[in-house]
Amino acid sequence: MRILIPDVQFPGPADVEQAALGADAEIEMYRGVRADEISDASWAACDGILVWQDIAVDPALAAKLDKCRIIVRCGIGYDRMDLKACGARGIPVCNVPTYDFTDVMSSSLAMSLALMRGLFTYDRLLRPDMAAGWKWGVAPEMRRVRDQNFAVIGCGRIGTGVLLRAQGFGMTPGYYDPYLPTGHNNSLGVERFNSLQELLAWADVVSIHTPLNDETRNMINRETVGWMKPGTIFVNCARGGLVDLDALEWGLRHGPIGAAALDVFPEEPPASHSLMSAWLADEVWLRGRLCITPHCSFYSEATFAEIRHGAAATAAAYLQQGNLNNCVNEAYLDAPKAE
């Protein structure tokens, strides 16, 4: 059994993966290379692929996978996988939705709380001159957390966890998710909105937790930003492509957004953009109103180990026992390739 890891994100050997796949598995791995820098022979020879976030499996790459029987995305999101092209080749694409999501939940809530309580502003003010910066009441958007309306867009595993944690801080929770069954909100004891516009007009804080697809791409755009309540705090720890950065900048400069926190971007590291330039230059209008982190909301050592093991175990279960778990392209999947 030959496993290819084309975009390794961990230091050292693939010991976690080897333990899950078994001693007989041969693992070939690469760091910091493009897909076209890996030989066609390597792509053609692999039985399975464990892919992180740097390599996109598009139709051209899928056409090279002569022996591949499974692709596992090391994480939840699979927007860089062409599900249809892989399905046409008889290759299941799976993800790892089983690791502990609490790090993402904690980061999403921590970002919103830090903005609501002015932590970034006060830390910055105290550094150059402790005496001069020792003043309260100067942070933008600082407010009482209790009784804020906390909204989640996409109330799946992570969104639900964020919502319930916000409720624990005394905030009033609500969500918009058109794909959940009628009455789902009753089991959570929270308010459900029938439209995104209604939710955004109600919310003081908005945290987005949807997958990235054709329907959700740029869901946060100039129109939807215009629906937001004045002073809204917006948080994105999901996928960068959900947010139009031009619209977000307009919302911060001229529109209703009071503050924002971003852990993910359409291109990572972020491409040149006027909003990024303003943040890097510490422009006065943006101070204390924008938090940026390097796609780290999912990370802890324990969580990272769970993702690595989960991805390898998913591949092993299929390649060794024929058990297919967490397949995300069943709608496009022809008969899987025989061994």
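Between 179, 78, 122, the Gaussian network model of the chain with springs among Cα atoms under 10 angstrom shows the greatest mean-square fluctuation at 179. Were the residues from residue 123 through residue 167 laid out at 0.36 nm apart, the gain over their Cα-Cα distance would be 13.2 nm. Principal axis analysis of the Cα atoms in the chain yields extents of 66, 50, 32 Å, listed in decreasing size.
Which residue, 68, 205, 221, has the largest displacement toward the positive end of the dipole of the chain when charges sit on each Cβ (Lys, Arg +1; Asp, Glu -1)? So the residue furthest toward the plus end is 205. A Förster radius of 45 Å combined with the Cβ-Cβ distance from residue 277 to residue 18 puts the calculated FRET efficiency at roughly 0.50. Summarising the label geometry, the points placed 7 Å from Cα in the beta-carbon direction at residue 221 and residue 306 lie 3.5 nm from one another. Out of 241, 154, 137, any idea which swings most in a Gaussian network model of the chain, alpha carbons joined below 10 Å? Result for the chain, Cα springs under 10 Å: 137 fluctuates most. What FRET efficiency would be calculated for the residue pair residue 285, residue 132, taking the C-beta separation as r and a Förster radius of 22 Å, to the nearest 0.05? For R0 = 22 Å, the calculated efficiency reads 0.55.
Modelled label positions at residue 321 and residue 56, each set 7 Å beyond Cα in the direction of Cβ, lie 3.6 nm from each other. Neighbour counts of C-beta atoms inside 10 Å place 300, 187 in the sequence 187, 300, starting with the fewest. Computing FRET efficiency as 1/(1 + (r/R0)^6) for residue 146 and residue 330, where r is the C-beta to C-beta distance and R0 is 41 Å, gives about 0.40. The Cα center of the stretch 54-115 and the Cα center of the stretch 129-205 differ in position by 27 Å.
What number in nm² do you get for the stretch 196-339 if you take the convex hull of its Cα atoms and divide its surface by four?
Convex hull of Cα atoms, orientation-averaged projection: 11.4 nm².
Put a plus charge on the Cβ of each Lys and Arg, a minus charge on the Cβ of each Asp and Glu, and nothing anywhere else: the dipole of the stretch 83-196 about its Cα centre is then about 100 debye. How big is the antiparallel share of DSSP beta bridges in the chain, given as a percent to the nearest 5? Within the chain, antiparallel bridges account for around 5 percent of the total.
Secondary-structure-derived ellipticity at 222 nm for the chain, considering helices only, amounts to -9000 deg cm²/dmol, per-run term -39500 (n - 2.57) for DSSP H runs with n ≥ 4. Of 107, 277, 297, the residue with the greatest mean-square motion in the GNM of the chain, using alpha carbon springs below 10 Å, is 277.
With the simple model of a label 7 Å out from the Cα in the direction of the Cβ, residue 36 to residue 191 spans 5.3 nm.
Rule-based calculations on the coordinates, nothing more; no lab input. All values derive from a computational prediction rather than experimental measurement. Note that we place each Cβ from the backbone using ideal geometry, even for glycine, and neighbour counts take in every protein chain shown.
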